[in-house]
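Colleague: Sharing a structure with you now.
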Amino acid sequence: MAKKIDISTKVQQGEPVGVIAAQSIGEPGTQMILKTFHFAGIAATITTSGLPRIVELLDAKKIPTTPFSSIYLMDEAKKDFVKADQIAKKINEVRVNDISRRILENFSNGKIRIVLDKQALEAVDLTPSQVAARISKAYELDAAATPEGNVEISTHTKVLKDIRSISVKLMHALVSGVAGAGKAVVTQSKTTGEFYIESAGSNIELMLPIDGIDKAKIYTNDVFEMYKVLGIEAARNVLAKELKETFDGQGININERHVLLVADAMTSRGHIESIGRHGLVGSKESVFARAAFEETVKHLINAAAFGETDFMRGVTENILVGKQIPLGTGVVKLAVKKQDVEKKSKK
């Protein structure tokens with residue numbers, strides 16, 4: 001019985017699965033509108049959704065507009081809010097402009113003073129001494145905490161342009177957490193009751209070494225980062241998941257097989273390719289198939305110059321020259337045995 005069901009679910013030979021997948025995804029895509037939604041637990045995190053997100057995924061943009069990460073925890077940390085919060089603070093990205101009121105420049109003695117926000121500093125569990133130490137290490141400057149609870153930096157220059165340049169860099173200096181991680185907060189799962197961390201950014205390469213993080217469950221919506229850190233299979237799964245969830249979020253139900261086929265096509269060569277003239281279409285074997293989708297003259301001239309041969313194996317090129325396409329009934333090849341024909345002719 002199980003075998004019969006398995007056989008009945010297989011697609012028929014010659015079925016144009018690529019065309020059906022393209023139609024199934026393309027038609028609803030025209031109805032989608034720009035929409036943003038909030039993730040539970042992070043009021044500050046808004047992620048791109050709807051048509052802009054679909055375009056972002058299919059164009060294989062290397063930097064997503066609104067990256068985010070879900071960081072799952074190990075052992076006691078996932079059951080203890082305090083321990084989970086400690087890990088979140090190691091991830092939470094804090095820069096000087098997040099914890100300072102203003103930056104004062106003294107051009108006469110070449111010193112810069114960072115006036116710290118005491119409440120903001122306390123919220124991220126940092127002291128003026130720690131901020132000074134981080135600046136000294138990152139920029140090789142003489143930074144020290146003042147008695148008033150601020151940070152003073154000696155630039156060893158009195159050139160106005162140089163002091164201003166250092167001042168601008170200091171505004172964005174990382175003083176705590178993981179670069180690119182954004183704001184990280186602890187969230188409790190409604191189903192399991194376990195704690196996990198959500199961050200309004202992505203840099204799982206630097207998050208993975210942190211103690212207490214479940215390395216097998218860490219997730220980011222940044223497809224290229226998943227590819228870089230965890231490989232092409234992980235990137236393929238994230239790509240399919242993000243596409244399906246984006247459509248579902250708009251109330252559009254698409255069979256996951258179509259989405260999986262698109263994800264497989266975009267990752268089939270061992271790296272992520274966009275769907276377009278700079279990706280899958282532009283790298284097709286057929287000259288006519290490449291020429292049919294934008295930049296027609298360029299592809300035809302290059303093919304003529306380099307003596308390329310089109311073996312007419314695909315759909316587009318056969319339609320262009322009026323030949324039968326290798327799909328549906330076009331996949332059937334008839335053959336006869338000469339011996340049988342000769343026998344019948346003799347009779």
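Colleague: Within region 279-347, considering only helices (runs of 4 or more DSSP H) that don't extend past its boundaries, which have at least 2 residues that are surrounded by 12 or more Cβ atoms within 10 Å (Cβ to Cβ)?
Modeller: Passing ranges, in order: 287-292, 296-306, 315-320.
Colleague: Next up: Somewhere in region 243-264, is a residue among the charged types (D, E, K, R) and either surrounded by 20 or more Cβ atoms within 10 Å (Cβ to Cβ) or within 21 Å of Asn203 (Cβ to Cβ) (or both)?
Modeller: Taking every residue of region 243-264 in turn, none turns out to be among the charged types (D, E, K, R) and either surrounded by 20 or more Cβ atoms within 10 Å (Cβ to Cβ) or within 21 Å of Asn203 (Cβ to Cβ) (or both).
Colleague: Follow-up. Any residue in region 61-85 that's under 17 Å from Ile210 (Cβ atoms): show its pairings with residues that are β-branched (Val, Ile, Thr) and outside any helix (DSSP H, G or I) at Cβ separation under 6 Å, as long as the two are six or more apart or on different chains.
Modeller: Between residues of region 61-85 that are under 17 Å from Ile210 (Cβ atoms) and residues that are β-branched (Val, Ile, Thr) and outside any helix (DSSP H, G or I), the close pairs are Ser69/Thr220; Ile71/Ile197; Ile71/Ile213; Ile71/Ile218; Ala84/Val186; Asp85/Val186.
Colleague: Here's a follow-up. Check region 137-153 and report whether any residue there is assigned to a strand (DSSP E or B) and within 30 Å of Asn221 (Cβ to Cβ). Lay out the reasoning, then the answer.
Modeller: Of all residues in region 137-153, those assigned to a strand (DSSP E or B) come to 142-145, 151-153.
Next, from what is left, pick out any that are within 30 Å of Asn221 (Cβ to Cβ): none.
No; the residues of region 137-153 include none that is assigned to a strand (DSSP E or B) and within 30 Å of Asn221 (Cβ to Cβ).
Colleague: Every residue in region 203-231 that is within 23 Å of Asp75 (Cα to Cα) and surrounded by 23 or more Cβ atoms within 10 Å (Cβ to Cβ), please.
Modeller: Ile204, Met207, Thr220
Colleague: Quick one: which of Ala120, Ala88 is farther than 15 Å from Val185 by Cα and not in a strand (DSSP E or B)?
Modeller: Selected residue: Ala120, the only one of Ala120, Ala88 that is farther than 15 Å from Val185 by Cα and not in a strand (DSSP E or B).
Any read-out appearing in this document is the output of simple, stated calculations on the displayed coordinates, not a laboratory observation. Being a predicted model, the structure only gives us computed values, none of them experimental. In this analysis, Cβ positions are derived from the backbone assuming ideal geometry, glycine residues included, and neighbour counts consider all displayed protein chains.
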